[in-house]
């Protein structure tokens, strides 16, 4: 707790003050990175620029005029702002005037004009570019060969898709910009929810809500629209909804989630029962929502962990895979950490709702590119994706840039793989490796299920 002492009393500082100071401290550490070399810029142009140009017809249908800050230029600017961690519009204008950014050459633009463009440029265009890039990213992932976790490989062979869904609240905006000047508190920037492909760690779709207090339940209608028949979806307790469970079953979609402590149920029959594992078909819900599901209870370090799934056949979805796949759900928390902390979505450089969305979609675009590059490194090393540090891949590009300009490297994935130990790209192996429940189902390992 952050607090100061007055006499014998301790007075806690307001959370908004602590948050503002934390952001200010972090911003002093987030210095502008060097320009991306030709190979990195080529990757952006190869993947993102075509998707941008494909939106020009929609751009014109919106009635937007051809001007200096066109759609391709704005995408180049915002992507550069995210990738190079440029924290202020003033610095962005300076770089645009002196060196140009990505596929946009040098341009004379005032800070006022660019700030206004951030406030009014339709964020929907950026969202459409993001969605247009994803199919190419998935195609690249499918074309590569690298080891996969046993439970992931098993699930891929049995389901059309393996998805994880979760939400995350965006951090506070600073009050020194735009219409926020004079506000007593730092307003939160909203809430995002991602439907993540668990196998590739690429997002299938991301939703944004201006209301930072939006409950996870609000996103269920949109989630159901995106899920495919024969797919598996994994989610946490915030999405508990018996009516939705019945809809998932009716649409031939399998789910895995945790069961609440106060879950009311009636046992129909036990499929498996030992001192540490109870696997039973139970009845939950009332009235039209009354339904059969499978309740799997696992004893771990004196505590029972409970999981629910609508797959009633233990041979089609064995209990160890239920537990192992739910463990994999935590990967989405890592994804949010990368998007918010590493790529800067926790640090907003605008105060308008539209500007927040521009930054959000650009950041997810950058995340997709970073996943693609990390996966390429994993293939080079013949290692699972999880063995590669996305953060150190991102930070290692600085060293690749230097090597490229010295004529010592041409391909970023090959360079990062060749220097994996030096750059920390390959994660250190833990002394105590957590055994998978597929190997050791007594759950006496060092990490909770």
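No value in this document is a laboratory result; all are computed from the given coordinates. Remember, predicted model here, so these are calculated numbers, not experimental data. Positions of Cβ are generated from backbone atoms using ideal geometry, with glycine treated the same way; all protein chains shown enter the neighbour counts.
Some observations on this one:
- Overall form of the range 257-384 per C-alpha gyration tensor (a/c, 1.5; a/b vs b/c): prolate
- DSSP-defined beta bridges in the range 148-334 - what % are antiparallel, rounded to 5: 85
- Most to least packed among 250-261, 98-109 [average Cβ atoms within 10 Å]: 250-261, 98-109
- Sorted by Cβ density within 10 Å, fewest first, the residues 128, 65: 65, 128
- Peptide ranges 408-417, 52-61 listed from the most packed, as the mean C-beta count within 10 angstrom indicates: 408-417, 52-61
- Spin-label model, residue 274/residue 386: points 7 Å from Cα along the beta carbon direction are separated by 2.1 nm.
- Three-way shape label, the range 148-334, alpha-carbon gyration tensor, a/c 1.5: prolate
- Among 343-349, 297-303, the peptide with the highest mean count of other Cβ atoms within 10 Å heads the list, and the full ranking is 343-349, 297-303.
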